[in-house]
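The structure appears below as structure tokens.
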Amino acid sequence: MKLSIIVAAYNVENYIEKCLKSITEQTYKQLEIIVVNDGSTDRTIDVIQTISKTDERIIIVNKVNGGLSSARNAGLDLVTGDYVGFIDGDDYIAIDMYEHLVEEINKHNCEIAMCAVLKVYNDYTECDSLVEHSIVLNKIEALNALIEEKFIKHYAVNKLYKATLFRDIRYPEGKLYEDIFTTYKLFACADKLVYSNKIGYYYVQREGSILRSKYNVRKLDCIQAFSEFKAYVDQCFPELSGKLLWRLNLSKMNSLLDMLKSESIYENCEFQEFGSNLAKEVRRNSFFFIKGSNIPTTFRILAPFSYAGYPLMRMLFKTALVKNYVYQRSLKLL
């Protein structure tokens, strides 16, 4: 079985060597390694070219910067393997990740195989696996697990997909949260999937806290992604609709909260129009946040304030007490 591994690389000169070596040194050797240099302006391409001289399996694609989806799509157009995998250029994988996933595919005759992810921070790590053993799922079970996000996440990168699943599917260019827009479509096309709790993918967390990452309205793409996911489920898998409504509502409150946090910390930071619209959405669903199950305490507290409108909520977050609390919480994440 031949695997096509697509590596999206943009300005990762300090990470790409470790990433590529973790692929070229895999115990599973039948690999086609498609490295897409997405218009990097640092030394990324130089590092890629140097490593490619030592491994003929590496195919280099140079393109104008278009974002992660664009890079993945460029790689998908060149795939010749039976299964496809993705790796981001600043991450790396366990030396036997693909051998293990191929074993799972052969053992269970699956179209998609997944492994656990270890998030790597500056001074600690965090595993997202909450299961004790491998689990074989049909598409309904997999979509349900994806919605709940307890052990299956939307990540593209910790999975192997049968190449034919991408016949009519591509990643949305110009959007953030491209995995949320896409993963459910791939799951819905697969009859059988397997999840392994074996850690295979190391997800390097380069972004800092809110202090380093001021809210950008492009992050509202998350709400659009979940809205499209819900519309798809409503039509094709209505039995899952209620759970996805829960996820969609939480994404709206998360966005509202992130806007308020950013405004409380940064000068010249204002989201009046977007914040007002989100506050209306939260107010429209206030009963869900106040009385619903498994709702974070912060959301329960914040929901009633949506009746006063975004300006008052913003004033609340700019009071010395709340502003200091948000600031100190953010410092702990650095």
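The values are calculated or read from the model by the stated rules, or taken from the named source; none is laboratory data. What you are looking at is a predicted structure, and each value in this text was computed from that prediction instead of being measured. Positions of Cβ are backbone-derived with ideal geometry, glycine not excepted, and every protein chain shown enters the neighbour counts.
If you scan the stretch 250-295, which residues turn out to be among the β-branched types (Val, Ile, Thr) and under 25 Å from the mean Cα position of the chain (by Cα)?
Those that are among the β-branched types (Val, Ile, Thr) and under 25 Å from the mean Cα position of the chain (by Cα): Val282, Ile295.
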Task: Residue within the stretch 239-253 that is assigned by TED's automatic domain parsing to the domain that holds Leu321, farther than 18 Å from Ala145 by Cα and either touching a Lys or Arg at 6+ places or on another chain (Cβ under 6 Å) or of a type in the set (A, V, I, L, M, F, W, C) (or both) present - done: yes
Open item on the list: Taking the condition of being hydrophobic (A, V, I, L, M, F, W, C) and not in a helix (DSSP H, G or I), how many residues in the stretch 150-205 meet it?
Closed with: 12
- [ ] State whether the residues of the stretch 68-75 include one that is assigned by TED's automatic domain parsing to the domain that holds Glu17, farther than 21 Å from Ile6 by Cβ and at pLDDT 95 or above.
- [x] no
Task: Residue list for the stretch 240-251, filter: in contact (Cβ under 8 Å) with a residue 24 or more places away in the chain and among the polar types (S, T, N, Q) - done: Asn249, Ser251
TODO: Please specify each residue of the stretch 147-185 satisfying the condition of being surrounded by fewer than 23 Cβ atoms within 10 Å (Cβ to Cβ), among the charged types (D, E, K, R) and farther than 21 Å from Asn216 by Cβ.
DONE: Glu148, Glu149, Lys150, Lys153, Lys162, Arg167, Asp168, Arg170, Lys185
TODO: Just give me the residues in the stretch 121-141 being touching a strand residue (DSSP E or B) at 6+ places or on another chain (Cβ under 6 Å) and modelled with pLDDT of 95 or more, in sequence order.
DONE: Ile135, Val136, Leu137
TODO: Kindly indicate which of Lys21, Lys29 is without any contact (Cβ under 8 Å) to a residue 12 or more places away in the chain, under 19 Å from Ile95 (Cβ atoms) and not aromatic (Phe, Trp, Tyr).
DONE: Lys29
Task: the stretch 61-110: number of residues that are within 27 Å of Gln205 (Cα to Cα), in contact with a Leu (Cβ under 7 Å, 6 or more places away or on another chain) and assigned to a helix (DSSP H, G or I) - done: 2
Open item on the list: Given the criterion assigned by TED's automatic domain parsing to the domain that holds Tyr83, crowded, with 20+ Cβ neighbours inside 10 Å and either assigned to a strand (DSSP E or B) or without any contact (Cβ under 8 Å) to a residue 40 or more places away in the chain (or both), identify the matching residue among Val12, Val7.
Closed with: Val7
- [ ] Filter the stretch 247-268 down to residues that are closer than 14 Å to Asn216 by Cα and of a type in the set (Gly, Ala, Ser) and give me whichever is surrounded by the fewest Cβ atoms within 10 Å (Cβ to Cβ).
- [x] Ser262
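Being under 17 Å from Tyr215 (Cβ atoms), crowded, with 16+ Cβ neighbours inside 10 Å, touching a residue at least 40 places away in the same chain (Cβ under 8 Å) and of a type in the set (Phe, Trp, Tyr) narrows it down to one residue among Phe289, Phe271, Phe237; which is it?
Details: Phe289 fails: under 17 Å from Tyr215 (Cβ atoms); Phe237 fails: under 17 Å from Tyr215 (Cβ atoms).
Unique residue meeting the criteria: Phe271.
The rows are residues; the columns are (1) in contact with a helix residue (DSSP H, G or I) (Cβ under 8 Å, 6 or more places away or on another chain); (2) at pLDDT below 90; (3) within 24 Å of Thr182 (Cβ to Cβ); (4) of a type outside the set (S, T, N, Q).
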{"residue": "Gln235", "(1), (2), (3), (4)": "no, no, yes, no"}
{"residue": "Glu239", "(1), (2), (3), (4)": "yes, no, yes, yes"}
{"residue": "Met259", "(1), (2), (3), (4)": "yes, no, no, yes"}
{"residue": "Ile265", "(1), (2), (3), (4)": "yes, yes, no, yes"}
{"residue": "Glu273", "(1), (2), (3), (4)": "no, no, no, yes"}
{"residue": "Val282", "(1), (2), (3), (4)": "yes, no, no, yes"}
{"residue": "Ile290", "(1), (2), (3), (4)": "yes, no, no, yes"}
{"residue": "Pro304", "(1), (2), (3), (4)": "yes, no, no, yes"}
{"residue": "Thr319", "(1), (2), (3), (4)": "no, yes, no, no"}
